[in-house]
Structures are given as structure tokens and as C-alpha cells.
Amino acid sequence: MTDAEELQSRTRELLAAHPPAGTDHLDFLRARFDAGLAWVHYPEGLGGLGVPRALQTVVDAELEAAGAPDNDPRRIGIGLGMAAPTVLRYGTEEQKRRYLRPLWTGEEVWCQLFSEPGAGSDLAALGTRAVREGDDWVVNGQKVWTSSAHIARWAILIARTDPDVPKHAGITYFICDMTDPGVEVRPLRQITGEAEFNEVFLTDVRIPDSRRLGEVGDGWRVAQTTLNNERVAIGGMRLPREGGMIGPVSKTWRERPELRTHDLHQRLLKLWVESEVSRLTAERLRQQLVAGQPGPEGAGMKLAFARLNQEISGLEVELRGEEGLLYDDWTMRRPELVDFTGRDAGYRYLRSKGNSIEGGTSEVLLNIVAERVLGLPAEPRTDKDVAWKDLAR
Ligand SMILES: Cc1cc2nc3c(=O)[nH]c(=O)nc-3n(C[C@H](O)[C@H](O)[C@H](O)COP(=O)(O)OP(=O)(O)OC[C@H]3O[C@@H](n4cnc5c(N)ncnc54)[C@H](O)[C@@H]3O)c2cc1C
């Protein structure tokens with residue numbers, strides 16, 4: 001039997017033992033994880049079977065045809081796209097067994113405590129301190145723009161453990177329990193009117209050393225795995241043709257001939273083609289990932305995603321004319337996910353502004369592509385040999 005046939009028959013066995021119509025949603029997802037059909041490229045015992053990632057499509061097609069429930073990947077995007085690959089690469093066996101199953105089933109939502117008021121693009125400048133006390137680390141500081149913190153059980157956190165060495169060297173990576181005393185989550189209202197993200201204040205939060213990921217002082221290296229995966233997670237989703245932002249505007253174009261103009265037609269065609277090229281490029285990037293960890297190439301994908309989302313949603317607002325200025329709901333909501341296709345054109349236009357900031361701004365990603373993909377000269381870095389505590393802030 002080929003790997004694909006083997007996977008197909010395993011999936012059918014899962015469906016026969018747990019018919020989706022008569023099985024509780026969560027029980028089905030747990031059974032799927034235990035059968036190694038959650039993410040097939042993960043190791044056996046951790047939701048996978050250690051086979052090439054590309055074979056996931058075989059499993060997904062069988063499950064979709066049978067109407068099986070999924071784990072709502074948009075709601076748990078940070079866990080799936082960023083925390084999981086980092087835990088897999090740097091976690092101890094115990095950590096992998098504790099965290100990956102409820103992460104994948106969606107029982108435990110994750111958030112990312114990286115950015116701070118004084119450290120965004122220059123993330124390595126972060127000032128949140130973690131000080132060792134016995135078996136614990138005591139953490140104090142403030143994080144910002146923390147998506148999903150209001151629904152999260154766990155966070156991936158980077159904090160400064162040694163202020164006496166240069167900024168990249170004194171960082172350590174932790175898993176923080178968002179329900180612990182000292183963790184305070186406050187909503188931040190965005191341009192969309194929603195509070196999808198938060199400020200998080202950490203006051204004397206005790207994190208056991210057993211929740212450290214990687215070595216003390218090696219947090220910057222561990223964080224690279226998270227950040228490289230983040231760009232792929234944001235810009236490299238698997239989509240059907242017209243599955244992204246181009247879908248709603250193409251639909252409006254087809255259904256509302258009275259709105260059409262020659263100029264908008266030319267722009268729509270250009271953006272449609274670029275969306276399709278970008279979709280196929282993401283597919284190719286995913287195939288490259290089969291061979292290993294994502295590298296800086298994900299930055300290019302995320303750059304294209306942000307630019308296209310903003311141009312397409314702008315075109316849609318123009319196409320709709322006065323109607324495009326309406327907005328469906330200004331109440332401050334606390335959404336659990338970003339819903340580009342379920343909301344109106346105004347929401348798409350406003351929310352996509354954040355696409356060129358989240359996961360690294362477009363300017364910073366251009367620098368990464370220039371330096372690490374094209375091999376152009378690096379920006380001068382005058383602070384790389386200076387102790388963090390001596391840096392101007
Ligand atoms: C919707 C959304 C969700 C987010 N979710 C999270 C989250 O869950 N967790 C988290 O930790 N963070 C999150 N962020 C934060 C995000 O990662 C940061 O906003 C981003 O890295 C930029 O940092 P900053 O806001 O501090 O801007 P700054 O770093 O202060 O940048 C300001 C401006 O200067 C430019 N700039 C900075 N450095 C350079 C340079 N070297 N060369 C050229 N231009 C430069 C930037 O491009 C930008 O235009 C989120 C942001 C958004 C918008």
C-alpha cells in the first residue's frame with residue numbers, strides 16, 4: 001500500500017469507529033488526534049504519523065466528504081501556526097505530551113506575549129523581566145497587541161533573563177498560564193471597533209522552570225521558529241481559488257453589473273491574477289516546508305498577502321460606491337477570530353490595515369527579504385555588542 005492509500009484506509013477506519021453524525025465534536029477531534037490524523041507530519045503519539053506534510057490533503061478530503069467536524073483553525077491560529085511548531089522543535093517530551101493534544105483539538109487556546117510598548121519591530125529590545133527564584137521564574141512587565149489573550153489558556157512568552165549581555169543574548173522563552181495570579185488582560189479597541197487584541201500586564205507571575213522552552217538565554221533562537229512560522233501562518237494559508245479577499249469582490253462584480261466601470265474592471269483583473277499567483281506560490285512554499293522548517297521565504301508571502309488584502313478591499317469599497325461607506329456593526333465586540341468573508345466590505349477594508357503590521361511590518365519584512373533572501377548588505381546595527389541595560393530607551 002502507498003502512504004496515501006494507507007492514510008485513506010486509516011481515515012475510513014476512524015470514520016467507521018466514530019461516525020461524525022453520532023459522535024460528540026470534541027470526542028471526534030480527540031480520536032482523530034490519537035489516530036495520528038491531526039497533522040500527519042507530526043511524530044506518532046503526537047497527533048501524526050511522521051509522513052510527508054503534503055499527504056494531509058488525503059486525510060482532509062476524506063473527512064470533508066464525510067462531514068466530519070474540524071478544529072476551527074481560525075480560532076486557534078496562534079496555537080496551530082506558531083506555538084505548536086515551537087513546542088515540537090524545542091519542547092521536552094513531557095511538554096509535547098502535555099500541550100499539543102488540547103492545542104490541536106481547540107480545548108486550549110494560545111496567545112503570543114511578544115510585543116511590548118517599547119519593542120515591536122525591534123522585538124529583541126524587550127524589557128519584561130524574568131528572575132529566577134528557586135524552581136520558578138518571577139515575571140514582571142507589560143505586553144501589548146496580544147491577540148486572543150481574552151480567550152487564551154496559555155501564552156508563548158519571551159522575557160529578559162539577563163540584562164548584562166547584548167539584547168539578543170539575554171532572552172528566555174516560556175509558556176505562561178494565562179489563568180495564573182498576576183496576569184491581567186485589558187481590551188484594546190481597534191479601528192474596526194472591535195477589541196480582538198489586548199494589553200497584558202504581568203505582575204509577579206510565577207512560571208515554573210518546567211515551562212521554559214529551550215535553554216536559558218536562548219530565547220531569541222527559539223523565537224525565530226515562532227516568527228518564521230507566523231509569517232507562513234498569516235500569509236500562506238491553503239485556499240481554494242477565490243477563497244481569500246478576492247472572493248467577495250469578484251462575487252459583487254458578477255452579481256451587480258450596474259456597479260461596473262472599465263477602470264475598475266482592469267484593476268480587478270490585475271488583482272485577481274495576482275491573488276491566484278500568490279495562492280499558488282503559497283502552495284509551493286508549503287511543499288518546500290515538507291523538507292524542513294520555514295525560512296525567511298515566508299516573509300515574501302506575508303508581504304504579498306498584506307498588500308493584496310489592502311488593495312482588494314480598497315477596490316471593493318470603491319466598487320460599492322456610497323454603500324461601501326456603510327459599516328455593519330460598531331459595537332465593541334470581543335471576537336474570537338478574524339472573519340474576512342463573514343463580514344461586510346467596510347470591515348474587510350478596515351481590518352486589512354493591520355495585515356501590514358501584524359507578524360512583522362511590511363518595511364521590516366522587506367529588510368528580511370533584502371538581507372536573508374537576496375543577500376544584500378545588512379542595516380548597520382550599532383547595538384549588537386552593547387549590554388541591554390546600557391541601551392538608550
Ligand atoms: C492586528 C494585530 C495583531 C497583533 N497581534 C499580536 C500578538 O498576538 N502578539 C504580539 O506579540 N504582537 C502582536 N501584534 C504586534 C505586531 O507584531 C507589532 O505591532 C509589529 O511588530 C510592529 O511593532 P510596533 O507596533 O511596535 O511598531 P514599530 O516597531 O514602532 O514600528 C513603527 C514604524 O516604523 C517602521 N520601522 C521600524 N523599524 C524599521 C526598520 N528597521 N526599517 C524600516 N522601517 C522600520 C515600521 O515598519 C512601522 O511603520 C499585532 C499587531 C496587529 C496590528
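May I ask you to verify whether E255 is outside the structural domain of P85 (by TED's automatic domain parsing), in contact with a Ser or Thr (Cβ under 8 Å, 6 or more places away or on another chain) and farther than 30 Å from Y42 by Cβ?
Judged against the criteria, E255 is not a match.
Looking only at the stretch 361-376, decide whether some residue is hydroxyl-bearing (S, T, Y) and in contact (Cβ under 8 Å) with a residue 24 or more places away in the chain.
Looking through the stretch 361-376, at least one residue is hydroxyl-bearing (S, T, Y) and in contact (Cβ under 8 Å) with a residue 24 or more places away in the chain.
Which of the numbered conditions does I78 fail, given that it passes all the others? Conditions: (1) buried (at least 16 other Cβ atoms within 10 Å of the Cβ); (2) not in a helix (DSSP H, G or I).
It is condition (2) that I78 fails.
Looking at (1) touching a helix residue (DSSP H, G or I) at 6+ places or on another chain (Cβ under 8 Å); (2) within 23 Å of L103 (Cα to Cα); (3) in contact (Cβ under 8 Å) with a residue 60 or more places away in the chain, find the lone condition where E196 falls short.
Of the numbered conditions (1) touching a helix residue (DSSP H, G or I) at 6+ places or on another chain (Cβ under 8 Å); (2) within 23 Å of L103 (Cα to Cα); (3) in contact (Cβ under 8 Å) with a residue 60 or more places away in the chain, the odd one out for E196 is (1).
Restricting attention to the stretch 141-157, does a residue exist that is farther than 23 Å from L103 by Cβ, away from the ligand (no atom under 15 Å from the Cβ) and β-branched (V, I, T)?
No, the stretch 141-157 contains no residue that is farther than 23 Å from L103 by Cβ, away from the ligand (no atom under 15 Å from the Cβ) and β-branched (V, I, T).
Just name the residue that is farthest from the ligand (Cβ to nearest atom) out of those in the stretch 158-186 that are without any contact (Cβ under 8 Å) to a residue 60 or more places away in the chain and among the hydrophobic types (A, V, I, L, M, F, W, C).
That would be A169.
Take the stretch 364-393 and flag every residue that is near the ligand (Cβ under 8 Å from one of its atoms) and surrounded by fewer than 11 Cβ atoms within 10 Å (Cβ to Cβ).
Result: E379, single match.
Could you run through the stretch 94-107 and say how many residues are within 16 Å of the ligand (Cβ to nearest atom) and assigned to a loop (DSSP other than H, G, I, E, B)?
Total satisfying the criteria: 0.
How many residues, within the stretch 331-363, are more than 14 Å from the ligand (Cβ to nearest atom) and of a type in the set (A, V, I, L, M, F, W, C)?
The qualifying residues number 2.
From the set of residues in the stretch 117-129 that are near the ligand (Cβ under 8 Å from one of its atoms) and not in a loop (DSSP other than H, G, I, E, B), which is nearest to K384 (Cα to Cα)?
Here the residue is L123.
When the residues of the stretch 191-229 are narrowed to those that are polar (S, T, N, Q) and farther than 21 Å from L365 by Cβ, which ends up modelled with the lowest pLDDT?
T192
When residues of the stretch 1-29 are filtered for being surrounded by 19 or more Cβ atoms within 10 Å (Cβ to Cβ) and in contact (Cβ under 8 Å) with a residue 60 or more places away in the chain, how many remain?
Residues that pass the stated criteria total 1.
Tell me which residues, restricted to the stretch 1-55, are modelled with pLDDT of 95 or more and polar (S, T, N, Q).
Q8, S9, T11, T23, listed by residue number.
Does any residue of the stretch 86-93 turn out to be of a type outside the set (A, V, I, L, M, F, W, C) and within 15 Å of the ligand (Cβ to nearest atom)?
Looking for residues that are of a type outside the set (A, V, I, L, M, F, W, C) and within 15 Å of the ligand (Cβ to nearest atom), one finds at least one in the stretch 86-93, hence yes.
Being among the acidic types (D, E) and under 30 Å from the mean Cα position of the chain (by Cα) is the filter here, so list the residues in the stretch 260-285 that pass it.
Answer for the stretch 260-285, where residues must be among the acidic types (D, E) and under 30 Å from the mean Cα position of the chain (by Cα): E274, E276, E283.
Residues checked against (1) assigned to a helix (DSSP H, G or I); (2) small (G, A, S); (3) in the same structural domain as E242 (by TED's automatic domain parsing); (4) under 29 Å from A152 (Cα atoms):
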position	(1), (2), (3), (4)
E316	yes, no, yes, no
P335	no, no, yes, yes
T341	no, no, yes, yes
V369	yes, no, yes, no
E379	no, no, no, no
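How many residues are in a strand (DSSP E or B) and among the hydrophobic types (A, V, I, L, M, F, W, C) when one looks only at the stretch 178-237?
10
Going by the conditions given, is Q224 among the polar types (S, T, N, Q), under 24 Å from T146 (Cα atoms) and free of Cβ contacts under 8 Å to residues at least 12 places away in the same chain?
yes
Considering only the stretch 242-257, I want to know if a residue exists there that is within 16 Å of the ligand (Cβ to nearest atom), buried (at least 17 other Cβ atoms within 10 Å of the Cβ) and either hydrophobic (A, V, I, L, M, F, W, C) or assigned to a helix (DSSP H, G or I) (or both).
Looking through the stretch 242-257, at least one residue is within 16 Å of the ligand (Cβ to nearest atom), buried (at least 17 other Cβ atoms within 10 Å of the Cβ) and either hydrophobic (A, V, I, L, M, F, W, C) or assigned to a helix (DSSP H, G or I) (or both).
The values are calculated or read from the model by the stated rules, or taken from the named source; none is laboratory data. What you see is a predicted model, and the numbers here were worked out from it, not measured in a lab. Positions of Cβ are generated from backbone atoms using ideal geometry, with glycine treated the same way; all protein chains shown enter the neighbour counts.
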